[in-house]
1. Is it the case that Lys65 is farther than 17 Å from Ser239 by Cα and free of Cβ contacts under 8 Å to residues at least 24 places away in the same chain?
2. With the condition kept exactly as written, say whether any residue in the stretch 259-276 is at pLDDT 95 or above and on the phi > 0 side of the Ramachandran plot.
3. Take the residues in the stretch 63-90 that are out of contact with any Lys or Arg (no Cβ under 6 Å at 6 or more places or on another chain) and small (Gly, Ala, Ser), then tell me which one is nearest to Glu173 (Cα to Cα).
4. Considering only residues that are surrounded by 15 or more Cβ atoms within 10 Å (Cβ to Cβ) and either outside any strand (DSSP E or B) or in contact with an Asp or Glu (Cβ under 6 Å, 6 or more places away or on another chain) (or both), which ones fall in the stretch 234-251?
5. For the subset of the stretch 54-67 comprising residues that are buried (at least 16 other Cβ atoms within 10 Å of the Cβ) and among the β-branched types (Val, Ile, Thr), which member is farthest from Leu78 (Cα to Cα)?
6. What pairs come up if the first residue lies in the stretch 26-40 and is closer than 20 Å to Gln232 by Cα and touching a residue at least 12 places away in the same chain (Cβ under 8 Å), the second is crowded, with 20+ Cβ neighbours inside 10 Å and basic (Lys, Arg), and their beta carbons are under 8 Å apart, counting only those six or more places apart or on different chains?
7. I'd like to know if the stretch 103-123 contains one or more residues that are surrounded by 21 or more Cβ atoms within 10 Å (Cβ to Cβ), at pLDDT 95 or above and polar (S, T, N, Q).
Amino acid sequence: MDIRQSIHSDHAKTLDTAGLRKEFLIETIFTADEYTMTYSHIDRIIVGGVMPVTRTVSVGGEVGKQLGVSYFLERRELGVINIGGQGTITVDGTCYEIGTRDGLYVGKGAKEVVFASIDPANPARFYYNCAPAHTTYPTKRVTPADVSPVTLGDSVTSNRRTINKYFVPDVLETCQLSMGLTELEPGNLWNTMPCHTHERRMEVYFYFGLEQDSCVFHMMGQPQETRHIVMQNEQAVISPSWSIHSGVGTRAYTFIWGMVGENQVFDDMDHVKVGDLR
C-alpha cells in the first residue's frame, strides 16, 4: 500500500516538478495478476487497479490489517469501472459479469471480493476508488445503459464532452463515493474548463485511452497559483479540495473521476472564470 499524506496549499506552492509528481501523481495503476493500492490521507480515499490475467485476484485480510480492521470493506464502500476486456467480480459468492465500461458498486461489509478475466489475451482492467462508509447499500452492477449522461461544452472551445455518471444519487445510493466516466469527442482537448474547485470534497482523475505519443497536461493548484503535471496513459492524479482539476491533452482522451467528501451534489462547485486564473 502506497500512502500519501495530505498536502497544504502553501506547501504545494513550494514543490518542483518532481515534488508535485511524488505527492499527487499515481504512475502505475495496473500490474498483471496483482492489485495496486494508493491510500490518500485526503478524505481517506483509496485508489488502484486490478488486472487479473492468468489467475484470479482478491483483496485479502492483509489489507484489513493495514487499515486496522478485519477485512478490506468492513468499514468501506467500493466503486469499480472496467476499462478492459470481459471479466467477473465475485462478491461473497455472488458473481457479477462486468463487461467493458461496466461498473460495480460494492457496499460496506462485503468480506470477499474476487476479480477475474474471461480471456487472458484481453484481460479486464478494473479501476477502483474506495471510501469510508457509515452504512451498507446494496451491491449493484451499472452498465453504460444505466448511467446518467450529460453532454457539455462546445467544439469551438475544444471541450465538447459527455459526462457519464455511474455512482451518483440519480443512479444508486452510496454513502459518500461518487464516480463517473467522461469522454471527449474527437478533436476536443480540454476537460472541465472553465474550471472549478469544491471545498466540500476531493477528487481523483484517472486518464486513459491515450496514444503512446500523447499526454495530458493536468492543471492543479489554487486558482491564482496554478501548477501542472504531465500525465501519460492510465495514470491517476489526486486533487485536494483547494485545487482546481482540469486538463488539456495533445489529442482526445477519456477519464474516470471519483469524489469523496461532505456531499454528493454534483454541481456543488466553486466556479473560476478563465480570466481569473493565474
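1. yes
2. No, the stretch 259-276 contains no residue that is at pLDDT 95 or above and on the phi > 0 side of the Ramachandran plot.
3. Filtering first and then ranking leaves Gly79.
4. Here is the first cut: in the stretch 234-251, the residues surrounded by 15 or more Cβ atoms within 10 Å (Cβ to Cβ) are 234-249, 251.
Within the stretch 234-251, Glu234, Gln235, Ser239, Pro240, Ser241, Trp242, Ser243, Ile244, His245, Arg251 meet the criteria.
5. It comes out as Val57.
6. Cβ pairs passing all conditions: Phe30/Arg125.
7. Scanning the stretch 103-123 turns up at least one residue that is surrounded by 21 or more Cβ atoms within 10 Å (Cβ to Cβ), at pLDDT 95 or above and polar (S, T, N, Q).
Conditions tested, residue by residue: (1) surrounded by fewer than 18 Cβ atoms within 10 Å (Cβ to Cβ); (2) within 21 Å of Ser6 (Cβ to Cβ).
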site	(1), (2)
Thr182	no, no
Arg200	yes, yes
Tyr253	no, no
Met259	no, yes
Asn263	yes, yes
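The values are calculated or read from the model by the stated rules, or taken from the named source; none is laboratory data. It should be emphasised that the depicted structure is a prediction, and the values quoted were computed from it without experimental measurement. All Cβ positions, glycine included, derive from the backbone under ideal geometry; neighbour counts span all protein chains shown.
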